[in-house]
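The values are calculated or read from the model by the stated rules, or taken from the named source; none is laboratory data. For clarity, every value in this text was computed on a predicted model and none was experimentally measured. Neighbour counts are summed over all protein chains in view; Cβ atoms, including those assigned to glycine, are modelled from backbone coordinates with ideal geometry.
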Amino acid sequence: MKYWLRLTGKNVAHLPELARVAESAGFDGVMLPDHIVTPRRIDSRYPYGPAGSERPPWPPELPWPDPFVAFAAMAAVTTYLRFATYVLVAPMREPLTLAKQVATASALSDGRVALGLGVGWCREEFEILGHDFDSRGARLDEMIEVMRAVWHGGWVSGKGPSYPFQELREDPAPPGPVPIWIGGDGAAAFRRAVTVGDGWVGPNYPPEILPQRVAAMRRVLEESGRSPEGFELMVSPMVEDANTLWGLAELGLTGVVVAPGPAQMSQPGESELDESRAAIERFARTVFGRR
């Protein structure tokens, strides 16, 4: 089972050093979340918080660095560590620009970039950026098709209803296929992961519901007739206990996303480097012994 380190809310200047520490400690990769802007007023319901909570659990000043700029900086100080978005809200972007960002980061990292994608939940953010919120699911499917076409290299044209374009090419192309993992919970996310994705990455699940949600995703995979071979199944369990994490492999997971250390969302931009380094190394000593 692979272990991914989620670097939410960290001081942006510390990201290259934390990537180097993560690689040295034995992590397989690091993940960054995504928001482009933070609206002052948010009426949209946040779907992944504790029961009864409809508000985002982070302060409005939390830093959200551009993941692909950060990946390039982290790739420059590491050798094998992989990088992925957890998750990028693709439909509040335009696909050709996003494809260029991903391909460039992949080229600079020697193919170490994967793309976790979701439809998003914050209507206000979409409206500020000028993208339709209600059509975001259909547009995400079309965006994936467009990006894979231009990543393949050569001349391509777009014939979809949302993103038609004349024949063009984008360079550089990534050095190999960019894995696309669909994030989210529920029937639509499960179905999209199976039909257009290379895997699924679930949200923060408390331990009492995690097995049933993973089982639900696996049922969709089995019912589709798609082989589980090469299909990534990942979640972010709300636990750091070594025995619990070791047991997750029995659910058929291929990876977990963890964020060891103090709460990442309590003091935006003030996560001290020494404390973060110690938490990463402590987690590695405790958990990686059975890998």
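Some notes on this structure:
- Checked against the criteria, Pro65 counts as within 14 Å of the chain's Cα centre (by Cα) and not acidic (Asp, Glu).
- Looking across Pro59, Pro33, one residue alone is on the phi < 0 side of the Ramachandran plot and at pLDDT below 95. It is Pro59.
- Restricting attention to segment 149-172, the residues that are modelled with pLDDT of 95 or more and surrounded by 14 or more Cβ atoms within 10 Å (Cβ to Cβ) add up to 10.
For every residue, the table says whether it meets (1) among the aromatic types (Phe, Trp, Tyr); (2) under 21 Å from Pro228 (Cα atoms); (3) part of a loop (DSSP other than H, G, I, E, B).
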residue	(1), (2), (3)
Gln101	no, no, no
Glu125	no, no, no
Asp132	no, no, yes
Ser162	no, no, yes
Pro203	no, yes, no
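- Unmet criterion (only one of (1) of a type in the set (Ser, Thr, Tyr); (2) assigned to a loop (DSSP other than H, G, I, E, B); (3) crowded, with 17+ Cβ neighbours inside 10 Å) for Tyr46: (3)
- Hey, Leu117 over 17 Å from the mean Cα position of the chain (by Cα) and either touching a residue at least 24 places away in the same chain (Cβ under 8 Å) or not in a helix (DSSP H, G or I) (or both) or not: no
- From the list Thr8, Thr38, the lone residue that is farther than 24 Å from Val256 by Cβ, in contact with a Pro (Cβ under 6 Å, 6 or more places away or on another chain), among the β-branched types (Val, Ile, Thr) and not in a helix (DSSP H, G or I) is Thr38.
- Single unsatisfied condition, Val239 versus (1) in contact with a strand residue (DSSP E or B) (Cβ under 7 Å, 6 or more places away or on another chain); (2) of a type in the set (A, V, I, L, M); (3) closer than 22 Å to Ala22 by Cβ; (4) free of Cβ contacts under 8 Å to residues at least 60 places away in the same chain: (1)
- Among (1) modelled with pLDDT under 95; (2) part of a loop (DSSP other than H, G, I, E, B), the one test that Pro175 misses: (1)
- Looking across Gly184, Gly225, one residue alone is among the small types (Gly, Ala, Ser) and buried (at least 16 other Cβ atoms within 10 Å of the Cβ). It is Gly184.
- Checking the stated criteria, Thr85 turns out to be modelled with pLDDT of 95 or more, crowded, with 16+ Cβ neighbours inside 10 Å, among the polar types (S, T, N, Q) and in contact with a helix residue (DSSP H, G or I) (Cβ under 6 Å, 6 or more places away or on another chain).
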